[in-house]
Amino acid sequence: MSVQGMGALIESHAWAETSLGPVATWSEDFRHSLDICLSAPFPMAIWWGSDLVQLYNDPFRHAIGAELHATNFGKPLSHGWRTFWPLVAPAVEALVSGREKSALVETLPFLETSQSGASGSIFAMSLTPLRGRQDGVAGIMATCREVVPGSIVDQRRGTLVALDDLLSPLDLPEAVAARSCELLGLQLGLSSLFLVEVDEEARFETWPGWPASALKPDFGRLSDAALDALHGGRPCLLGSDGDTVLFMPVLVDNRLAAMLVVEGGEAKRETIGLLSEALKRIDICLKRARAHQNEQATARSLKAAIANAPPLLWRSKPRGHWFWSSTRWESVTGQTAEESHGQGWLAAFHPDDHVALRAAWTKAEEGTSLHATARLRVAKDAEYRWFQVDAASVGRGDQEQWFGSCTEVDHLWKDREAHKSALDEMHHLERSSLALVRAIARRSAEETGDASDLAMRLDGRLEALARIQGVLSREPQGEVGLDFLIAEELAAHGAYEDGVIRLEGPPVSIRQSAAQAVGLAIHELVSHAVQKGALLHDDGSIRVGWRIEHDSGMGELAFSWDETSEADEDSSLTKTDFTLLQKLLTTEIGARFAIEAQPRGFLASISVPLSPDFLHRIPA
């Protein structure tokens with residue numbers, strides 16, 4: 001049994017005081033019939049027991065109105081209806097006695113009108129006997145239906161046809177509302193006809209644009225019972241014969257969304273069915289008009305989105321024959337839509353990428369998608385930037401077309417190229433490091449036959465190489481300063497720039513690929529100074545200098561190492577002292593090395609060509 005509306009009222013009623021007895025004692029046949037009644041969407045009642053106690057559903061309750069409901073619910077049929085019982089008594093007696101299997105009672109006056117909010121329609125009632133366990137008639141089921149008087153059938157048909165013809169071409173909700181009210185007013189002789197919208201908070205608003213001079217309906221006259229009926233989708237006819245107001249509801253998603261209102265004593269009961277049918281048509285046209293408005297708004301939004309979308313959108317026939325491009329294509333490339341049609345769009349791409357783009361289209365014809373990366377000329381700075389070109393096909397045969405886009409990926413492409421360059425440099429550095437280790441090992445073995453001396457020399461040089469690589473790992477830009485390399489190597493031997501050691505030269509940044517060779521060369525010079533040269537004596541000094549010379553070609557970096565010591569009257573320099581240094585410089589960075597012995601010291605000179613492989617930034 002339903003637990004809402006009349007279902008809840010039936011559950012809570014004091015049936016023990018009636019001939020039906022408590023609910024718990026009701027038979028299964030009675031409960032089953034009552035469930036059918038309560039779930040019916042139209043007015044239906046059950047009269048049960050020896051005295052035909054009245055029970056009914058929500059549509060029946062709203063049809064009879066609050067006054068008749070108060071005097072009839074739960075009461076015997078013969079006691080509650082003073083004017084109604086004489087009309088149905090013969091039919092009820094015939095059904096209960098078994099003389100008739102069904103009966104029909106037409107034009108029941110209690111359903112025609114009610115001051116408290118009846119529907120205002122004319123109904124007929126069909127009566128069916130309900131059998132009990134003893135195979136006798138235990139009750140009667142009454143089903144109501146609306147009856148349209150034959151005199152207005154032709155008028156109804158003509159009005160509805162005229163309404164359909166009028167509304168079919170209209171695509172604005174305001175026009176649908178105004179023209180439908182105008183037509184119905186003329187056809188039915190109703191001057192005060194309004195279409196009213198109801199917002200989400202159940203506030204009533206007359207249609208936007210309704211004439212200010214028109215009569216406004218008084219919604220304050222609606223009672224709670226009338227509002228309940230309207231929210232349930234049932235019309236209400238309120239007032240007396242001289243001052244009636246008819247309210248016809250429109251439900252959208254089970255919510256009261258609008259009403260047709262007729263007031264001023266002109267709402268005849270016979271027109272209610274016609275207005276109800278007309279309102280269904282009006283509601284359909286309003287939904288169609290609103291859908292059209294939404295489609296138009298969506299189309300405008302889509303057009304604006306396409307015009308302002310970051311990707312450059314286009315459409316094409318097979319084999320890359322464009323027939324449409326977005327306005328953003330023109331604003332970015334400077335090429336008009338007409339110029340891009342056919343294969344004119346290729347002119348906006350870099351000439352070197354045309355072959356790849358044509359090949360991508362050829363490959364795309366084998367499947368349903370196109371993917372390519374190419375350089376597109378950007379009009380505002382006349383530069384080419386990398387764009388990702390993608391497209392997908394839709395349809396087959398003559399209906400096939402491609403929807404495509406061009407999305408800028410210039411920064412991603414350049415980042416990828418930079419990453420690739422860094423990986424290449426790292427791999428080169430690894431290969432260079434291995435070559436340096438082999439060279440260090442061979443040279444160290446050539447310099448001495450003593451195992452302990454070999455180990456010392458080899459350890460010193462490998463430690464120097466490790467220090468250099470440690471410096472390079474801390475420089476994410478892939479460069480290191482020349483002055484920093486020198487200072488790091490001096491510090492590793494406990495020597496620092498002071499009065500004994502002086503460094504002079506402009507800022508010079510050396511690439512990682514060349515830094516290992518330069519760093520090992522500096523290690524050889526510092527190691528010699530500590531073991532045999534100026535730093536072995538208290539009065540020794542070292543002057544290190546470098547400068548950029550632009551006398552010829554791309555220029556050179558001129559580097560000098562000048563050692564002196566009063567205690568070293570005869571230079572400690574030997575031919576083999578800088579063999580490794582010379583090999584490193586000439587092999588790895590193409591430098592020239594020269595050494596000149598001097599009284600109390602020597603001068604070493606290194607000249608390195610200024611190439612992008614050596615210097616990261618070349619000073620002006």
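Considering the range 584-598 alone, what residues qualify as being of a type outside the set (A, V, I, L, M, F, W, C) and modelled with pLDDT of 80 or more?
Within the range 584-598, the subset of a type outside the set (A, V, I, L, M, F, W, C) is 586-588, 590, 592, 596, 598.
Matches in the range 584-598: 586, 590, 592, 596, 598.
Those residues that are β-branched (Val, Ile, Thr) and in contact with a strand residue (DSSP E or B) (Cβ under 7 Å, 6 or more places away or on another chain), I need them from the range 35-64; list them, please.
Within the range 35-64, 46, 53 meet the criteria.
Just to check your reading of the model, which residue among 479, 489, 497 is among the charged types (D, E, K, R) and free of Cβ contacts under 8 Å to residues at least 24 places away in the same chain?
Working: 479 fails: free of Cβ contacts under 8 Å to residues at least 24 places away in the same chain; 489 fails: free of Cβ contacts under 8 Å to residues at least 24 places away in the same chain.
None of the other options fit; the residue is 497.
I need every pair where a residue in the range 583-597 that is open to solvent by 30 Å² or more (accessible area, probe 1.4 Å) has its Cβ under 9 Å from the Cβ of a residue that is among the basic types (Lys, Arg), sequence separation at least 6 or different chains.
Matching pairs, first to second residue: 583/443; 586/592.
For the range 39-51, does any single residue satisfy the condition of being assigned to a helix (DSSP H, G or I) and in contact with a Leu (Cβ under 9 Å, 6 or more places away or on another chain)?
There is no residue in the range 39-51 that is assigned to a helix (DSSP H, G or I) and in contact with a Leu (Cβ under 9 Å, 6 or more places away or on another chain).
Residues checked against (1) in contact with a helix residue (DSSP H, G or I) (Cβ under 9 Å, 6 or more places away or on another chain); (2) open to solvent by less than 70 Å² (accessible area, probe 1.4 Å); (3) over 30 Å from residue 235 (Cα atoms):
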| position | (1), (2), (3) |
| --- | --- |
| 7 | yes, yes, no |
| 11 | yes, no, no |
| 14 | no, yes, yes |
| 17 | no, no, yes |
| 23 | yes, yes, yes |
| 33 | no, yes, no |
| 36 | no, no, no |
| 41 | yes, no, no |
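Can you find, within the range 329-356, the residue that is farthest from residue 375 (Cα to Cα) among those that are touching a helix residue (DSSP H, G or I) at 6+ places or on another chain (Cβ under 7 Å) and of a type in the set (A, V, I, L, M, F, W, C)? Talk me through it step by step, then tell me what you get.
From the range 329-356, those touching a helix residue (DSSP H, G or I) at 6+ places or on another chain (Cβ under 7 Å) are 329-330, 333, 335-337, 340, 343, 346, 348-349, 354; that's our starting set.
Still in the running and of a type in the set (A, V, I, L, M, F, W, C): 329, 337, 346, 348-349.
Details: 329: 14, 337: 19, 346: 11, 348: 9, 349: 6 Å.
Out of the qualifying residues, it is 337.
Only one of these conditions is not met by residue 348: (1) at pLDDT below 80; (2) within 32 Å of the chain's Cα centre (by Cα). Which number is it?
Unmet for residue 348, out of (1) at pLDDT below 80; (2) within 32 Å of the chain's Cα centre (by Cα): (1).
Taking residue 138, is it modelled with pLDDT of 70 or more and either over 30 Å from residue 224 (Cβ atoms) or surrounded by 13 or more Cβ atoms within 10 Å (Cβ to Cβ) (or both)? Outline the logic, then answer.
On the way: modelled with pLDDT of 70 or more: yes; either over 30 Å from residue 224 (Cβ atoms) or surrounded by 13 or more Cβ atoms within 10 Å (Cβ to Cβ) (or both): yes.
The answer is yes for residue 138.
Could you check the range 531-544 and list, in sequence order, the residues that are aliphatic (A, V, I, L, M) and at pLDDT 85 or above?
Residues satisfying the conditions are 542, 544.
Looking at the range 398-412, I want the residues that are in contact (Cβ under 8 Å) with a residue 40 or more places away in the chain and open to solvent by less than 40 Å² (accessible area, probe 1.4 Å) and have a partner that is of a type outside the set (A, V, I, L, M) and not in a strand (DSSP E or B) with Cβ atoms under 7 Å, at least 6 apart or on another chain. Which pairs are those?
Within 7 Å, the pairs are 405/311; 406/311.
Any idea which of 513, 473 is among the hydroxyl-bearing types (Ser, Thr, Tyr), open to solvent by 20 Å² or more (accessible area, probe 1.4 Å), within 21 Å of residue 581 (Cβ to Cβ) and at pLDDT below 80?
Unique residue meeting the criteria: 513.
Among the residues of the range 336-387, which ones are open to solvent by 50 Å² or more (accessible area, probe 1.4 Å), in a loop (DSSP other than H, G, I, E, B) and in contact with a strand residue (DSSP E or B) (Cβ under 7 Å, 6 or more places away or on another chain)?
Those that are open to solvent by 50 Å² or more (accessible area, probe 1.4 Å), in a loop (DSSP other than H, G, I, E, B) and in contact with a strand residue (DSSP E or B) (Cβ under 7 Å, 6 or more places away or on another chain): 341, 343, 368.
Filter the range 556-575 for residues that are in contact with a helix residue (DSSP H, G or I) (Cβ under 7 Å, 6 or more places away or on another chain) and under 15 Å from residue 524 (Cα atoms); which is modelled with the highest pLDDT?
561
Please verify whether residue 612 is modelled with pLDDT of 70 or more, loosely packed, with under 13 Cβ neighbours inside 10 Å and closer than 15 Å to residue 508 by Cα, treating the condition exactly as stated.
On the way: modelled with pLDDT of 70 or more: yes; loosely packed, with under 13 Cβ neighbours inside 10 Å: yes; closer than 15 Å to residue 508 by Cα: yes.
It is true that residue 612 is modelled with pLDDT of 70 or more, loosely packed, with under 13 Cβ neighbours inside 10 Å and closer than 15 Å to residue 508 by Cα.
Scan the helices (runs of 4 or more DSSP H) fully inside the range 52-104 and keep the ones with 3 or more residues being at pLDDT 85 or above and open to solvent by 20 Å² or more (accessible area, probe 1.4 Å).
58-72, 85-97
The values are calculated or read from the model by the stated rules, or taken from the named source; none is laboratory data. Being a predicted model, the structure only gives us computed values, none of them experimental. Note that we place each Cβ from the backbone using ideal geometry, even for glycine, and neighbour counts take in every protein chain shown. Surface areas here come from the heavy atoms of the whole protein model, side chains and all, with no ligands, DNA or RNA. Shrake-Rupley method; radii C 1.70, N 1.55, O 1.52, S 1.80 Å.
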